[in-house]
Structure formats: C-alpha cells, structure tokens
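Colleague: Take this structure first; my questions come after.
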Amino acid sequence: MTDARREAPAVARNRDAILAVLRGILPAYGLVLEVASGSGEHTLHFAPALPDLTFQPSDPDPEARASIDAWCAGVANIRPALALDAAAPDWPVDRADAVLCINMIHIAPWAACEGLLRGAARLLPAGAPLVLYGPFRRAGVPTAPSNEAFDADLRARDPAWGLRELEAVSAAAAAAGFGPPAVTPMPANNLTVAFRRSRGAPP
C-alpha cells in the first residue's frame, strides 16, 4: 500500500510561529474551516494544540485530501477533508466560527481570493475571524528580494498567480463584509492577516 501522505518542508519551519499567532485570534471553541489545506500537516499540528476547537480541512485536489486524511487519521478534533474550491459559489459547509487559509491566494487566480472572501463572509458570524498567511506586497514597504524572486517564479508558472497587494485584498475583504485587517509580521517575510466579519454586513 502506498503512503498517501505528502510532505511540505515549509510547514516544519512556520507551523509554530503560525500557531502562536492563531492562539490570540481563533475563538476558544467552535469549528475552524481550513481552506486549501494542502498536505494536511498544518492541521495535524494545530488541532492537538487547540483541543477545544474542531478543524475541518479542505482542498480541491483529491490527492491533497488523501494526504490530509492520512496524516490526520485518528485525531479526534479533525474531520475528514472536504472537496472545496474557494472560487466556487457554493461550499460544502454552511457555517464556521473561523476560516483559515495558509499559502493559497498567491498560487491561485485572483478569483480564488475573491471567492475565499465571499465564502468566508457567508459562513462566519459577526466578529468571527478569517485568517490568511503568506507573502504579500504592501504599499510603501519594500518587497524582500526573496519574495520578488518567488513572485517572478510564480508568474512564470502561471500569469494569473503572484504575490497579492495587501491593500487590494483588504479592499476586496471590505466589499465582502469584513473590517480592516490586523497584520502580524512573520518569519521569512510572510504576514498573518486577520479580518473580522463586520456586524450587520451583507453576506
């Protein structure tokens, strides 16, 4: 039998830093929907450390979902992975207490980022967080050479990919019904960006 588990080397380098920030953002209890869970290694790291939360991983790629389920088998507060395309108008989840998305919006078309924001707004109650992690461009802040090289590589692989401008993401988030972002600088020139669902905003 082949092992379905994939390995993403970056996870071992960033998982503890991300977890430390999530502890101050995620609710104490409830359901965390992770969009584009990839290998599943982040979910596997976060869930045992946050046992009062239930994690719902997801990914549009069946091989990724197989990896997630292989890594996370037997962990009580992790549900089986769902097939979820962030850009789709309908998601297989109707509510969540937080939405988490790590390293997705720069390796997907802009429509996936917009879909993520709209979908999270449909699911989340007022005040609940949508948390993004990854590299961004910021107005007035020089982009690190490593991020410039990464951006060039992404665009060479697919012109629809590339680092997103934080201001553009924030404007799209506001249009979807979120407040301004809380931004936390992270190692290796990444950011954690947390938006909260506005009270009374349209879904």
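Any read-out appearing in this document is the output of simple, stated calculations on the displayed coordinates, not a laboratory observation. Source: prediction; values computed, not measured. All Cβ positions, glycine included, derive from the backbone under ideal geometry; neighbour counts span all protein chains shown.
Colleague: What pairs come out if I take residues in the stretch 116-139 that are touching a residue at least 12 places away in the same chain (Cβ under 8 Å) and pair them with residues that are aromatic (Phe, Trp, Tyr) and in a loop (DSSP other than H, G, I, E, B) whose C-beta lies under 9 Å away, six or more apart or interchain?
Modeller: 119/91; 122/91; 123/91
Colleague: Residue 9 - would you say it is of a type outside the set (S, T, N, Q), surrounded by fewer than 17 Cβ atoms within 10 Å (Cβ to Cβ) and farther than 25 Å from residue 188 by Cα?
Modeller: No; evaluated as a whole, the condition is false for this residue.
Colleague: Restricting to the stretch 139-159, and then to whatever is surrounded by 13 or more Cβ atoms within 10 Å (Cβ to Cβ) and out of contact with any Gly (no Cβ under 7 Å at 6 or more places or on another chain), can you tell me which residue is nearest to residue 108 (Cα to Cα)?
Modeller: Filtering the stretch 139-159 down to residues surrounded by 13 or more Cβ atoms within 10 Å (Cβ to Cβ) leaves 143-144, 147-148, 150-151, 154-155.
Now narrow it down to the ones that are out of contact with any Gly (no Cβ under 7 Å at 6 or more places or on another chain): 143-144, 147-148, 150.
Values: 143: 20, 144: 21, 147: 16, 148: 17, 150: 14 Å.
So the residue we want is 150.
Colleague: I'd like the residue in the stretch 18-28 that is farther than 15 Å from residue 101 by Cα and of a type in the set (A, V, I, L, M, F, W, C) and, out of all such residues, is surrounded by the fewest Cβ atoms within 10 Å (Cβ to Cβ). Break it down into steps so the answer makes sense when it comes.
Modeller: Residues of the stretch 18-28 farther than 15 Å from residue 101 by Cα: 20, 23-24, 27-28.
Add one more test, that the residue is of a type in the set (A, V, I, L, M, F, W, C), and what stays is 20, 28.
Numbers: 20: 13, 28: 8.
Among them, the one singled out is 28.
Colleague: Those residues that are in contact with a helix residue (DSSP H, G or I) (Cβ under 7 Å, 6 or more places away or on another chain) and over 24 Å from residue 6 (Cα atoms), I need them from the stretch 95-112; list them, please.
Modeller: 95, 96
Colleague: Tell me the residue from 31, 26, 44 that is touching a helix residue (DSSP H, G or I) at 6+ places or on another chain (Cβ under 8 Å) and hydrophobic (A, V, I, L, M, F, W, C), please. It would help to see each step written out before you state the result.
Modeller: Values: 31 fails: touching a helix residue (DSSP H, G or I) at 6+ places or on another chain (Cβ under 8 Å); 26 fails: touching a helix residue (DSSP H, G or I) at 6+ places or on another chain (Cβ under 8 Å).
When all the criteria are applied, what remains is 44.
Colleague: Additional query: Can you tell me which condition residue 34 does not meet? The list is (1) charged (D, E, K, R); (2) surrounded by 19 or more Cβ atoms within 10 Å (Cβ to Cβ); (3) closer than 22 Å to residue 189 by Cβ; (4) in contact (Cβ under 8 Å) with a residue 40 or more places away in the chain, and all the others hold.
Modeller: (3)
Colleague: What are the pairs, 6+ residues apart or on separate chains, where a residue within the stretch 6-20 that is free of Cβ contacts under 8 Å to residues at least 12 places away in the same chain and at positive phi has its Cβ under 6 Å from a residue that is surrounded by fewer than 17 Cβ atoms within 10 Å (Cβ to Cβ) and among the hydroxyl-bearing types (Ser, Thr, Tyr)?
Modeller: none
Colleague: Moving on to the next point. Give all pairs with beta carbons closer than 9 Å in which a residue from the stretch 57-80 that is farther than 19 Å from residue 100 by Cα meets a residue that is among the hydrophobic types (A, V, I, L, M, F, W, C) and part of a loop (DSSP other than H, G, I, E, B); count only pairs at least 6 apart in sequence or on separate chains.
Modeller: Pairs that qualify, where the first residue is farther than 19 Å from residue 100 by Cα and the partner is among the hydrophobic types (A, V, I, L, M, F, W, C) and part of a loop (DSSP other than H, G, I, E, B), are 62/83; 63/4; 66/4; 66/81; 70/4.
Colleague: Could you list, in sequence order, the residues of the stretch 87-104 that are assigned to a loop (DSSP other than H, G, I, E, B) and in contact (Cβ under 8 Å) with a residue 60 or more places away in the chain?
Modeller: 93, 95, 96, 97, 103, 104
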